[in-house]
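J.: Following this message is one structure expressed as structure tokens.
The values are calculated or read from the model by the stated rules, or taken from the named source; none is laboratory data. The structure presented is a predicted model; accordingly, all values stated were derived computationally and were not measured. No Cβ is skipped: glycine too gets one built from the backbone with ideal geometry, and neighbour counts run over all protein chains shown.
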Amino acid sequence: MMSEMIREDGRKFDELRPIKIEAGVLERADGSAYLEVGGNKILVAVYGPRESYIRRLLEPNTGVIRCRYNMAPFSVDDRKRPGPDRRSSEISKITADALRPALMLENYPRSMIDIYIEVIEAEGGTRCAGITAASVALVDAGVPMKDIVVGCAAGKVNDEIVLDLSEVEDKEGQADVPIAMMPRTGEITLLQSDGDLTEEEFAKAIDLAMEGCRQVSELQKEALMKKYSTE
Amino acid sequence: MDIVPEITRQSITNLVKNDKREDGRELTEYRDISIETNVISKAEGSARVKLGGTQVIVGIKPQLGSPFPDTPDLGVLMTNCEMLPMADPTFEPGPPSDDSIELARVVDRGIRESELVELDKLCVEEGKHVWMLFIDLHIIDNCGNLFDACELAVMAALKSTKLPVATIVDEEVVLSEDETFDLPINNELALCTFVKIGDKMIIDPTLSEERVANARLNVGVTKDGHICSMQKGGKEPLTKDDVLYCVNTAIEKVKDLIEYL
Amino acid sequence: MIYVENKDLVIPGQILADDEYYSGRGTFKDNGKVCSSLMGLVSLRNKKIRVIPLKSKYVPKKGDVVIGKINDVRFSMWDVNINSPYSGILPAFEVFGREKKELNKVFDVGDVLFLRVVDVDEIKKAKLGLKGRGMGKFKGGIIVDIAPTKVPRLIGKKGSMINMIKDKTNCKIVVGQNGLVWVKGDEDMEQLTKNIIHLIEAEAHTSGLTNKIKNKLYLAIDGELPPEENQEAEEEFVLEKPKLQNFKEELEQEEKEAEESKEEKEDKPNIAEVIEELKRKNKKDNPLSYGESSKNSFILNNK
């Protein structure tokens, strides 16, 4: 039944918006990535591992990461005031939490990695897009990792479970389930859910989101290979 | 701030003394420039400028607001600059630094004083409703000379800006859904930035040239060759000859820069 | 079962082989599989898999020679920036022994030094010293900054690359294992050498690099290509541990690994072989796109 449904932008229920990923787009940063998905435009820079003077954040046995998710004032319809707000602070935190399990920083004790996610333009699903782009930037920076974390959302629109909600669907939909995972093991490193879902719908949503992650993961690999090889 | 190695200071100074630069440019030569406009669909005006490795994005968002009491029939321009920590390892997150505020104000001054935006046409209802244009500068990669890159980006973004047509119906402002008008602009300008190394003024400094230099001069010049804004920066003084040389050079160079718009 | 070939480009999380293979540097074992933890090239020797990273930050190791910048002068030591997540210290007694002198009269903030890593403590802080030939403060010249992983390529087999550049440009060149290079000579030659070094960095993994660099140098300096007979028949395509520099720790590590695997008969694997093979693969001087050309190309879509 659901496979027949056509969404407001013409996608099928399990179809991602068009995605473009590019690695290594900035000069100064140690690693960087640019990602477009639908109308989202996300730029990520990674600095580190580097020395940090914020001693209280450092750990004696491993490196630590710090993440800053920021929306440009012109990224949304009504100009956003510059600077952090409660939403961006939360996203910064959960993004760091989503990426941390993949990082292997034992060889970099007392060091810090800074991840700066800039939303240049937002069109629904920026947190997942930010995580996806941040992972590519981390690889580009040469940070050792167990896997390349990838993010994708599923949700409920018009009582149907659909993949990768657009801005309109996010606003009008009944639920949104953004996840991030490590595709090799299938372990989930970010999970949020807001809205109304039955147990069955939730299970469906998570399966769909994980499948979406696997597809995006292939595009991450492609972007990295494209940057560094002739194939 | 990163400490400049003494030998780098010496080598850059010696190069400039012999009319050379670390990237092989002449003292009055710009790095490669590229400008794209309409890069942000959600902004009414936008541009991305690359100047060598330096990259900035500018977005312009309009809002209806009340005019200032002393100019009840004029629109309002507000320029804000974010030196994002992504752009440079020494940039810190947090409220705008002094450098960032200076950059925004110098860029703003050029636009404002050249009066190239026809602010009177941004008045919807005198004394009540005018367009306020928020010009947001996003610095994403700092490889030196943010000033000139930002001014170019703002100029290009302004030229690409389209505003919805606003009318007054029953004392309420009504915005047209599909009808827009181009932001009225009657002039063009560009900024030329010089730094002093040894006793020479060089244009469009790279990051290491900026770090080695102790004095800076920004010269804003309009298409018709008028000086509309200047700013001296840095801890060392400049001579009158230095300043006159920069003005003279800027008036010539701005012609080339405006070609990119 | 192995899923990759020697010299393949791999990415973090990629499964390289099953349990019967040994996990070397740049890899880890998880759930019976050997996986890569880095973006880099596979180095396969017998049953041991390593991944040589394309990029990585310099982490100080005992015995390394590095180029550092004095960041601060303290009571009994200098703080030295060694282009690493970890800063170094140069204790006063490493310089004057028991003598008492004013530190900033000897080395001041902004001075650039050639140093040896004497010791590294458990939090990776490097204790530096000046014992060794040519150690101390640089006077004049320029500093060129490259990825530390590209240092062996810049030096070349037994110093072939770096010696060729030195001979042709008449520049003095000192390479720190932390990716900083000091160059001193004629002003124009310094700039040429800088550009050549950056070219080597950008094309470190391409074939025919030594000859390409040689041609560039001759063209830039003499205005013509080198005489045919000077073209080396056998391309040196090596990231061997250079003799000029002390890669003691690396060598020790290699030896340890050799013992571990009890396969001493075999030659040691290194990037050299990886590159050698790559060269054979890409006979036509087909560069792995590695740098400027593809850099900075991201395009914001217009609507």
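J.: Among the candidates B:Pro62, B:Pro89, single out the residue that is at the interface with chain A (Cβ under 9 Å from one of its Cβ atoms), out of contact with any helix residue (DSSP H, G or I) (no Cβ under 8 Å at 6 or more places or on another chain) and under 25 Å from B:Ser176 (Cβ atoms).
T.: On inspection, the qualifying residue turns out to be B:Pro62.
J.: Of the conditions (1) touching an Asp or Glu at 6+ places or on another chain (Cβ under 6 Å); (2) farther than 27 Å from A:Ser32 by Cα; (3) outside any loop (DSSP other than H, G, I, E, B), B:Arg48 fails just one. Which one is it?
T.: Tallying (1) touching an Asp or Glu at 6+ places or on another chain (Cβ under 6 Å); (2) farther than 27 Å from A:Ser32 by Cα; (3) outside any loop (DSSP other than H, G, I, E, B), B:Arg48 fails exactly one: (2).
J.: Further question on the same structure: Looking only at the range C:32-72, count every residue that is in contact with a Gly (Cβ under 9 Å, 6 or more places away or on another chain) and either of a type in the set (Ser, Thr, Tyr) or facing chain A (nearest Cβ under 10 Å) (or both) and tell me the total.
T.: Going through the range C:32-72 one residue at a time, the tally reaches 14.
J.: Scan A:Ile161, A:Ile148 and give me the residue that is among the hydrophobic types (A, V, I, L, M, F, W, C) and either outside any strand (DSSP E or B) or within 24 Å of C:Thr27 (Cα to Cα) (or both). So that I can check it myself, show each step before the final result.
T.: Details: A:Ile161 fails: either outside any strand (DSSP E or B) or within 24 Å of C:Thr27 (Cα to Cα) (or both).
Step by step, each of A:Ile161, A:Ile148 is checked, and only A:Ile148 is among the hydrophobic types (A, V, I, L, M, F, W, C) and either outside any strand (DSSP E or B) or within 24 Å of C:Thr27 (Cα to Cα) (or both).
J.: Go through the range B:19-59 residue by residue and tally those that are of a type in the set (S, T, N, Q) and more than 11 Å from every other protein chain (Cβ to nearest Cβ). Reasoning before the result, please.
T.: Residues of the range B:19-59 that are of a type in the set (S, T, N, Q), as a first pass: B:28, B:34, B:37-38, B:41, B:46, B:54-55.
Narrowing the set further to residues that are more than 11 Å from every other protein chain (Cβ to nearest Cβ) leaves B:28.
Going through the range B:19-59 one residue at a time, the tally reaches 1.
J.: Same structure again: Which one is surrounded by the fewest Cβ atoms within 10 Å (Cβ to Cβ), of the residues in the range A:175-203 that are of a type in the set (Ser, Thr, Tyr) and in a loop (DSSP other than H, G, I, E, B)?
T.: Applying the first criterion (of a type in the set (Ser, Thr, Tyr)) to the range A:175-203 yields A:185, A:189, A:193, A:198.
Checking the rest, the ones that are also in a loop (DSSP other than H, G, I, E, B) come to A:185, A:193, A:198.
Values: A:Thr185: 15, A:Ser193: 17, A:Thr198: 10.
Per the stated criteria, the residue is A:Thr198.
J.: Find the strands (runs of 3 or more DSSP E) located wholly in the range C:99-181 whose residues include 3 or more that are touching a helix residue (DSSP H, G or I) at 6+ places or on another chain (Cβ under 7 Å) and within 14 Å of chain B (Cβ to nearest Cβ), and list them. Quick ask: steps written out before the conclusion?
T.: On the way: elements: C:112-120, C:126-129, C:142-145, C:172-175.
Here the list reads C:142-145.
J.: Taking only the range B:2-15 into account, find how many residues are within 11 Å of another protein chain (Cβ to nearest Cβ) and in contact (Cβ under 8 Å) with a residue 40 or more places away in the chain. Steps first, answer last, please.
T.: Kept after step one, since they are within 11 Å of another protein chain (Cβ to nearest Cβ), are these residues of the range B:2-15: B:2-12, B:14-15.
Pick out the ones that are also in contact (Cβ under 8 Å) with a residue 40 or more places away in the chain and you get B:2, B:4, B:8-9, B:12.
Selection size over the range B:2-15: 5.
J.: Related question: Given (1) among the small types (Gly, Ala, Ser); (2) under 14 Å from the mean Cα position of the chain (by Cα); (3) more than 25 Å from B:Leu122 (Cβ to Cβ), identify the lone condition not met by B:Gly220.
T.: Condition (3) is where B:Gly220 drops out.
J.: Among (1) modelled with pLDDT under 95; (2) in contact with a strand residue (DSSP E or B) (Cβ under 7 Å, 6 or more places away or on another chain), where does B:Glu36 come up short?
T.: The one condition B:Glu36 does not meet is (1).
J.: Hand me the list of strands (runs of 3 or more DSSP E) wholly inside the range B:70-184 holding 2 or more residues that are touching a Lys or Arg at 6+ places or on another chain (Cβ under 8 Å). Steps first, please.
T.: Details: elements: B:76-83, B:123-125, B:129-141, B:162-169, B:172-182.
So the answer is B:76-83, B:129-141, B:172-182.
J.: Those residues that are buried (at least 21 other Cβ atoms within 10 Å of the Cβ) and either within 11 Å of chain B (Cβ to nearest Cβ) or without any contact (Cβ under 8 Å) to a residue 40 or more places away in the chain (or both), I need them from the range A:40-66; list them, please.
T.: Going residue by residue through the range A:40-66, those that are buried (at least 21 other Cβ atoms within 10 Å of the Cβ) are A:40-49, A:63-65.
A:Asn40, A:Lys41, A:Leu43, A:Val44, A:Ala45, A:Val46, A:Tyr47, A:Gly48 - these are the residues of the range A:40-66 that are buried (at least 21 other Cβ atoms within 10 Å of the Cβ) and either within 11 Å of chain B (Cβ to nearest Cβ) or without any contact (Cβ under 8 Å) to a residue 40 or more places away in the chain (or both).
J.: Looking at the range B:228-261 only, could you name the residues that are crowded, with 17+ Cβ neighbours inside 10 Å and over 18 Å from B:Asp204 (Cβ atoms)?
T.: Once the filter is applied, which keeps residues that are crowded, with 17+ Cβ neighbours inside 10 Å and over 18 Å from B:Asp204 (Cβ atoms), the range B:228-261 yields only B:Cys228.
J.: When you go through B:Thr249, B:Thr193 one by one, which is the residue that is assigned to a helix (DSSP H, G or I), at pLDDT 95 or above and hydroxyl-bearing (Ser, Thr, Tyr)?
T.: Working: B:Thr193 fails: assigned to a helix (DSSP H, G or I).
When all the criteria are applied, what remains is B:Thr249.
J.: Specify which of the listed residues (A:Ala180, A:Ala154) is within 14 Å of A:Gly124 (Cβ to Cβ) and touching a Leu at 6+ places or on another chain (Cβ under 6 Å). Working first, answer last.
T.: Details: A:Ala180 fails: within 14 Å of A:Gly124 (Cβ to Cβ).
Going through A:Ala180, A:Ala154 in turn, just one is within 14 Å of A:Gly124 (Cβ to Cβ) and touching a Leu at 6+ places or on another chain (Cβ under 6 Å): A:Ala154.
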